[in-house]
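The values are calculated or read from the model by the stated rules, or taken from the named source; none is laboratory data. Here the structure is a predicted model, which means the values were calculated and not measured. Because the Cβ atoms are built from the backbone with ideal geometry, glycine has one as well, and the counts that use them run over all protein chains shown. Just the protein is used for accessible areas: all its heavy atoms, side chains included, with ligands, DNA and RNA removed. Shrake-Rupley method; radii C 1.70, N 1.55, O 1.52, S 1.80 Å.
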Amino acid sequence: MTISYPLSLPSTRFAPGTGIRARSGAAVSESPFTGEQQVYVQQLEVWSAQLVLPPMTRADAEAWIAFLLALNGREGTFLFGDPRNTTPQGTWAGSSPLVKGGSQTGKTLAIDGLSAGATVKAGDWFQLGSGASSRLHKVTQDATANGSGEVTLDCWPRLRASPADNAALTIASPKGVFRLASNDLGWDFQPAQFYDGISFAAVEAL
């Protein structure tokens with residue numbers, strides 16, 4: 001059977017040592033004479049992640065090993081989201097938000113489809129797109145929907161592409177598309193038939 005990317009993570013034994021990083025391309029030059037600074041904001045804004053799996057039995061470990069081998073190093077992609085924060089903090093949880101208006105760019109997104117007065121909390125995640133076009137964003141400022149259920153979100157990273165009007169936002173278990181940060185893969189064998197040492201880094205696939 002032909003492998004189709006992006007893959008889904010195995011459902012066995014998730015990584016307790018998961019870390020997520022945000023990398024920005026902002027640069028600063030400083031005058032050696034006055035100390036005056038000049039800030040240059042580049043387009044680079046990308047997520048990365050580090051997953052460290054616990055010791056596992058063969059049945060659990062082989063599912064992860066097969067998943068990683070199926071990626072063939074940096075060739076393939078997979079869907080990944082924050083495993084500790086799969087539901088929003090704000091009262092917009094359970095809503096079906098939609099993009100309000102096309103041609104939006106930058107680090108704000110106008111949406112509707114919320115209840116009047118619904119709250120969106122800084123730190124809430126949302127996903128735009130699906131499958132290979134899935135993009136993961138994080139809200140950076142609290143916001144409250146108006147009486148028509150409309151609100152503009154401040155988010156990071158900037159929109160990768162302009163979403164279509166009425167495109168759906170996924171706010172329950174949102175995910176983005178990632179790929180391995182390295183082509184190297186390895187694991188260790190421990191006494192009592194346990195597998196150890198399975199860990200990998202990933203970066204957002206753009």
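Considering only protein heavy atoms and a probe of 1.4 Å, how much of the accessible area of the chain is carbon and sulfur, as a whole percent?
Carbon plus sulfur share of accessible area: 50 percent.
I need the GluC sites (Glu not before Pro) found in segment 1-105, filtered to DSSP loop residues with at most 10 other beta carbons within 10 Å of theirs.
GLU36
Taking just the C-alpha trace of segment 89-206, give me its Rg and Dmax in Å.
18.2, 62
Within the set of other residues whose C-beta is less than 14 Å from the C-beta of GLN127, count the net charge using Lys and Arg as +1 and Asp and Glu as -1. Could the numbers behind the result be given before it?
Numbers: positive: ARG135, LYS138, ARG160, LYS175; negative: ASP82, ASP124, GLU204.
Local net charge: +1.
Over the chain, calculate the relative contact order: mean separation of alpha carbon pairs under 8 Å at least 6 apart, over the residue count, as a percent.
Rounded, it is 25 percent for the chain.
So with the 1.4 Å probe, I'd like the accessible area per residue for the chain, rounded to whole Å².
53
List, in order, the whole-Hz ³J(HN,Hα) value for each residue of segment 117-132 obtained from phi through the Karplus relation with A = 6.51, B = -1.76, C = 1.60 and θ = phi - 60°; use x for Gly and Pro.
x, 4, 9, 10, 9, 4, x, 5, 9, 8, 10, 10, x, 8, x, 5
Count the net charge of all other residues whose Cβ sits under 14 Å from the Cβ of LEU79, scoring Lys and Arg as +1 and Asp and Glu as -1. Spell out each step's value before the answer.
Details: positive: ARG135, LYS175, ARG179; negative: ASP82, GLU204.
Around LEU79, the surrounding residues sum to +1.
Run lengths n ≥ 4 of DSSP H only: what is the helix-derived mean residue ellipticity at 222 nm for the chain, with -39500 (n - 2.57) per run over all residues, to the nearest 500?
Computed ellipticity for the chain at 222 nm equals -2000 deg cm²/dmol.
With Rg and the Kirkwood Rh both taken from Cα atoms, where does Rg over Rh land for the chain?
Rounded to two decimals, Rg over Rh is 1.05.
Lys and Arg at +1, Asp and Glu at -1: add these up for the other residues within a Cβ distance under 9 Å of VAL139 and post the number.
Net charge around VAL139: -1.
Please work out the ratio of the alpha-carbon Rg of segment 1-87 to 2.2 N^0.38 Å and round it to two decimals.
Rg over 2.2 N^0.38 Å, computed on Cα atoms: 1.62.
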